[in-house]
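Q: Starting off with a structure, shown below.
The values are calculated or read from the model by the stated rules, or taken from the named source; none is laboratory data. Values in this document were obtained by computation on a predicted structure and should not be read as measured data. As a convention, Cβ positions derive from the backbone with ideal geometry for all residues, glycine included, and neighbour counts pool all protein chains shown. Protein only, heavy atoms only, side chains kept; ligands, DNA and RNA dropped before computing areas. Shrake-Rupley method; radii C 1.70, N 1.55, O 1.52, S 1.80 Å.
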There are 2 protein chains.
Amino acid sequence: MDDGKRMTRCYEDALRKAGVKVTRQRLEIINEVVRAKGHPSIGEVFDAVRVLMPSISLDTVYRTMRTLAAMGMIHPVGSSGERVRFDADHSPHHHFLCSICGEAYDFVCPELDAIPVPEQALAIGLVRGTRIEVRGVCRKCLEKEREE
Amino acid sequence: MDDGKRMTRCYEDALRKAGVKVTRQRLEIINEVVRAKGHPSIGEVFDAVRVLMPSISLDTVYRTMRTLAAMGMIHPVGSSGERVRFDADHSPHHHFLCSICGEAYDFVCPELDAIPVPEQALAIGLVRGTRIEVRGVCRKCLEKEREE
DNA sequence: CTGGTTGCAAATGATTTGCATCCCA
DNA sequence: TGGGATGCAAATCATTTGCAACCAG
């Protein structure tokens, strides 16, 4: 598991560059967020980290997730009234948001990855990434509707 | 204000088509959501509707917003841990989401409006709309950072 | 050392739920 | 009339905050 160590080193650097302290809690949380596929919620990250570090508190996870989001390391994924979910910036991918259940599905679409940064967005602030957001109704909800 | 009546008629039809009852509450809420520029939160819609209909209750607004979202008439705009906000589907526009404050800014970009629907998304469910989501840090937050 | 971080517990706020009443279809 | 819709209040659940103890730099 030399790979694990190399990753950790990389996260440490990212934290230092952001001007925040490197703590074991933060490293564990980052590890978990990066490992998690899909869009983990705060609670899920908390549960996972708690296995390795039972003493960690829920609001440390809250605070760290906010810190990581401010660093641009993770991004909140908007869904409906659901709890906030995040994704680590793994690879270029896009989102399909279901209007009914609020679930966020990932999909890849290489043809659309190279979206130019819209000029109009530059006027609003510093752009860190661009992706496609598709809205619709997912299969699960379509089937549920059909049943009724 | 013949225009207002024509709009209302149109909303009634949309409700009927969705198979739900047409009530004064729902019409008032739709009216407000469509009128509101930006991304009104549930509370803001509630306050606005309450002016015309003081007896309306907060959770009627909650329930109706969910109904409207399921109908595809409005869409939740994901932001960070903030309360959920919605936008009516007015005109084609895109979103800039600030990673720090969670604010969602609208911008228009006609060149990008004609995004083809990605095939990969079709596999996930019924697609109702496609737009660009830009992530970054807004001017306000950039300035705040600079001060520190 | 010492200021940023954490853990804890209490506070806050948004969202949901159960139920009796009401009203569109 | 009859079932979906509403209003109300209580219940939940996510998220935040104040503060003392702690630890990385």
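Q: Working only within region B:1-12, note down all residues that are within 16 Å of DNA strand D (Cβ to nearest atom) and over 27 Å from B:Asp106 (Cβ atoms).
A: Narrowing region B:1-12 to residues within 16 Å of DNA strand D (Cβ to nearest atom): B:8, B:11-12.
Once the filter is applied, which keeps residues that are within 16 Å of DNA strand D (Cβ to nearest atom) and over 27 Å from B:Asp106 (Cβ atoms), region B:1-12 yields only B:Glu12.
Q: If you don't mind, another one. Does any residue of region A:77-93 turn out to be touching a helix residue (DSSP H, G or I) at 6+ places or on another chain (Cβ under 8 Å) and in a strand (DSSP E or B)?
A: yes
Q: Exactly one condition in (1) part of a helix (DSSP H, G or I); (2) over 19 Å from B:Ser99 (Cα atoms); (3) within 20 Å of the chain's Cα centre (by Cα) is false for A:Arg6; which is it?
A: (3)
Q: If you don't mind, another one. Which of (1) more than 15 Å from DNA strand C (Cβ to nearest atom); (2) within 14 Å of another protein chain (Cβ to nearest Cβ); (3) touching a strand residue (DSSP E or B) at 6+ places or on another chain (Cβ under 9 Å) does B:Val34 not meet, given it meets every other one?
A: It fails just one condition, (2).
Q: So B:Ser91 passes all but one of these: (1) more than 15 Å from DNA strand C (Cβ to nearest atom); (2) in contact (Cβ under 8 Å) with a residue 12 or more places away in the chain; (3) over 30 Å from A:Val127 (Cβ atoms); (4) not basic (Lys, Arg). Which condition number does it fail?
A: Failing condition for B:Ser91: (3).
Q: Report, by residue number, each residue of region A:49-78 that is more than 11 Å from chain B (Cβ to nearest Cβ) and open to solvent by less than 30 Å² (accessible area, probe 1.4 Å). Steps first, please.
A: Applying the first criterion (more than 11 Å from chain B (Cβ to nearest Cβ)) to region A:49-78 yields A:49-61, A:63-64.
Selection gives A:Val49, A:Met53, A:Ile56, A:Val61, A:Thr64.
Q: Looking at A:Gly19, A:Gly72, A:Gly43, which one is modelled with pLDDT of 85 or more, within 11 Å of DNA strand D (Cβ to nearest atom) and closer than 24 Å to B:Cys138 by Cα? I'd like the intermediate steps shown before the answer.
A: Details: A:Gly72 fails: within 11 Å of DNA strand D (Cβ to nearest atom); A:Gly43 fails: closer than 24 Å to B:Cys138 by Cα.
After ruling out the rest, the residue left standing is A:Gly19.
Q: What's the number of the condition A:Asn31 fails, among (1) in the same structural domain as A:Thr8 (by TED's automatic domain parsing); (2) within 14 Å of DNA strand D (Cβ to nearest atom); (3) not aromatic (Phe, Trp, Tyr)?
A: Tallying (1) in the same structural domain as A:Thr8 (by TED's automatic domain parsing); (2) within 14 Å of DNA strand D (Cβ to nearest atom); (3) not aromatic (Phe, Trp, Tyr), A:Asn31 fails exactly one: (2).
Q: If you take the residues of region B:95-108 that are touching a residue at least 40 places away in the same chain (Cβ under 8 Å) and more than 7 Å from chain A (Cβ to nearest Cβ), which of them is farthest from the chain's Cα centre (by Cα)?
A: Here the answer is B:Cys101.
Q: So, A:Lys5, is that one more than 9 Å from DNA strand C (Cβ to nearest atom) and modelled with pLDDT of 90 or more or not?
A: Considered against the rule, which asks whether it is more than 9 Å from DNA strand C (Cβ to nearest atom) and modelled with pLDDT of 90 or more, A:Lys5 comes out as no.
Q: Report, by residue number, each residue of region B:126-148 that is open to solvent by 10 Å² or more (accessible area, probe 1.4 Å) and either assigned to a loop (DSSP other than H, G, I, E, B) or touching a Phe, Trp or Tyr at 6+ places or on another chain (Cβ under 7 Å) (or both).
A: B:Glu148
Q: Taking B:Glu111 and the conditions (1) assigned to a helix (DSSP H, G or I); (2) more than 11 Å from the chain's Cα centre (by Cα); (3) more than 7 Å from chain A (Cβ to nearest Cβ); (4) within 14 Å of DNA strand C (Cβ to nearest atom), which numbered condition does it fall short on, given that it satisfies the others?
A: Here B:Glu111 meets the rest and fails (4).
Q: Let me ask something else. If a residue has to be more than 8 Å from DNA strand D (Cβ to nearest atom), without any contact (Cβ under 8 Å) to a residue 12 or more places away in the chain and in a helix (DSSP H, G or I) to count, how many in region B:46-69 make the cut?
A: 4
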